[in-house]
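Shown next, in C-alpha cells, is the structure this report addresses.
No lab work stands behind these numbers, since they all come straight from the coordinates. Everything numeric here is computed off the predicted structure, so don't read it as measured data. In this analysis, Cβ positions are derived from the backbone assuming ideal geometry, glycine residues included, and neighbour counts consider all displayed protein chains.
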Amino acid sequence: MLMGSNSVVDMIEASSGVHFSGFHMDGLHQRLKIEQPTTSANENMHKQPFVIGVAGGAASGKTTVCDMIIQQLHDQRVVLVNQDSFYHNLTSEELKRVHEYNFDHPDAFDTEKLLSYMDKLKHGQAVDIPNYDFKSYKNNVFPARRVNPSDVIILEGILVFHDPRVRELMNMKIFVDTDADVRLARRIRRDTVEKGRDIGTVLDQYSQFVKPAFDDFILPTKKYADIIIPRGGDNHIAVDLIVQHIRTKLGQHDLCKIYPNLYVIHSTFQIRGMHTLIRDSQTTKHDFVFYSDRLIRLVVEHGLGHLPFTEKQVITPTGSVYIGVDFCKRLCGVSVIRSGESMENALRACCKGIKIGKILIHREGDNGQQLIYEKLPNDISERHVLLLDPILGTGNSAVQAISLLLKKGVPESNIIFLNLISAPQGVHVVCKRFPRIKIVTSEIETGLNEDFRVVPGMGEFGDRYFGTDDDDQEGVPPSK
C-alpha cells in the first residue's frame, strides 16, 4: 500500500471523513474536547491525561479494542474505566421484575457518579470504582477497584457518547462498528456460556430491549465519533494507527492533546538556542533578525507540510522511476501588518512567486480589535491560505483575520496559521472558534501578564525586527 505521507500520524490527521485501511475518521478536528483558557501556569500543575472514549453496541468488540490499545501502550500508564461499573443498584421492586428492566437505556447508568469519578482522575486523584455484580444487580457486593491517575484513561461503554458532559471529557472518541448478526451471535454465546441463561431468554431480551436501545440511543451517537473501526478487534491496522497517534500526542504539549489541529515543531538544541537568542533583550538587531528568520523558515516549511498533495512519478537521471508527491499549487500568503511581514521572505523563499495579501488590525484597549485595511487576492476563496503573524497572544487579532478570510469565502480547513510563539490563551480562543484551521508554532509560552503581553515572550516583535524601537542603538533592550 502506497502512502503519500512521511508519518502515519500525519496520515491519520489528514484522513478526516474518509475511509482508510478499513477504518475512517469523521471530523476529528470538529469535535474536540475544549478546556477553558488558563490565566496562570500554576492553575494546572498536574499533567493532563489523554482520555479515549470507546463506544459501540453490546458485543461489538469494544473490550477487545481496549485491551489491544492497552497492550500496545505498555510503556505508558493506562487505566480502563467501564461504564458498566456505574449501573444503578436495582430496587426491590425492580428486582422482582428484573427481566423487564432495560439495562441498555441511558437511565440505567449513574452518569453523575461517573462524571464525578472521571473529574477526580483528570485532576490527579485516585478513585475506588465499584465492581457491579450482574447476579445481584448491586455494586457493593465485591470490593471496589482502586484506580490511580494515569497518562491515558480509556472510558468504555455502550453509551459513553450519549451524555454531552461525558463526551466533553474525551480527547479521542472511537466507535466500534460491528455487524448486528455478529453482535447477536456473540451475545448468545456469552450469555448462555458465561451467565447460564437459556437461549430463549437471551433472544427475548435482545428483541425487547437490546436492539431497540441500540437503534434509539447507541447508533445515533456514532456521529460523535472521531474514529470508526469496522470489525472491532479484528481490525489490527486501525488499532495500530490509533496507538501510533496516541503515542505522538502523549509526547507533545498538553494543548496538542486537546487540539489535534495544533502543531508544535519538534524542539532541538538548535531551535532552543535560537529561541534563547531572540528572547535575550541584549541581542543586537542584526542577530535578532538573523535567528528570527531561521526560526520563521522552519515554521513555514513545517506549515507547508500540512498542505494537500498528489502522487507524482518522475524519471531520475539514472532512468529509474521515483514515486513522490506534487506540491499544492493554489496557495497564497496573508500577513497581519506589521509583524507578519517579517515572515514574508521565508514564504517567498519556499514558494516562488506566491501571492501575498495584507491585513491591518488596530488594537483598541486590551481586547478590542478593529479591521483597518485589507488587500487580498481576488481568487483567495479558491486557494489554501498561509496566515502569517509571529505572535499569538490573546487571539483577538487572529480571530479578526480568520473571520475576514472566511467572509471572503476561504474554507476554514484551507487556512494554516503560522507563528513563532503562542500563548495558551490565544490557542484556546482560536481553536475553539475555528476548530478546522491548523496552527503551526515553534513554542508554547507560559501565558499572558496583566498587560496582555506574552510571557516570557520576546518584546514587541515588529519593533525589534524592523528596528523601530525607541532606542535604535544595537544591543539596547527594547522599550516596554
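Here the peptides 162-175, 191-204, 96-109 are ranked by packing, the mean other Cβ count within 10 Å, and the order with the highest first is 162-175, 96-109, 191-204.
Compared with the dominant principal axis of the Cα atoms in the chain, helix 269-279 is inclined by about 60°. From least to most packed, judged by other beta carbons within 10 angstrom and beginning with the fewest, SER381, SER267 follow the order SER267, SER381. Computed over the chain, the per-residue total of -39500 (n - 2.57) for DSSP H runs of n ≥ 4 gives a 222 nm mean residue ellipticity of -9000 deg cm²/dmol, rounded to 500. Relative to the longest principal axis of the Cα atoms of the chain, helix 111-122 runs at roughly 50 degrees.
Taking amide hydrogens as placed 1.01 Å from N in the peptide plane, the amide H of PHE50 sits under 5 Å from those of VAL152, ILE153, each at least 5 positions away in sequence or on another chain.
Hey, which of these cross-link pairs are over 26 Å Cα-Cα: LYS312/LYS432; LYS329/LYS375; LYS62/LYS96; LYS138/LYS211? Long pairs (Cα-Cα over 26 Å): LYS312/LYS432; LYS62/LYS96.
A DSSP coil position with no more than 12 other Cβ atoms inside 10 Å describes none of the trypsin sites (Lys or Arg not before Pro) in segment 381-451. In this simple spin-label approximation, PHE269 and ASP240 carry label points 7 Å from Cα along the Cα→Cβ vector, and these lie 3.5 nm apart.
Partner aspartates and glutamates whose Cα lies under 20 Å from the Cα of LYS358, excluding those fewer than 8 positions away in the same chain, are identified as ASP293, GLU341, GLU344, GLU374, ASP379, GLU382, ASP389, GLU412, GLU460, ASP463.
Restricting to Cα pairs below 8 Å that are 6+ residues apart, what does the relative contact order work out to for the chain? Please round to a whole percent. Computed value for the chain: 17 percent relative contact order. Note on the chain: with charges restricted to the Cβ of Lys and Arg (+1) and Asp and Glu (-1), its dipole about the Cα centre is near 760 debye. The HN-Hα couplings worked out from phi for segment 330-337 by the Karplus form 6.51 cos²θ - 1.76 cosθ + 1.60 (θ = phi - 60°) are 8, 10, 7, x, 9, 9, 8, 5 Hz, whole numbers, x standing for Gly and Pro. Counting every other Cβ atom within 10 Å of each residue's Cβ, CYS66, CYS431 order from fewest to most as CYS66, CYS431. Whole-Hz Karplus values for segment 234-241 come out as 6, 8, 5, 4, 4, 5, 4, 5 Hz, taken residue by residue from phi with 6.51 cos²θ - 1.76 cosθ + 1.60 and θ = phi - 60°; glycine and proline positions read x. A cut-off of 5 Å between modelled amide H atoms, ignoring neighbours fewer than 5 places along the same chain, links ASP177 with ILE229, ARG231, GLY232.
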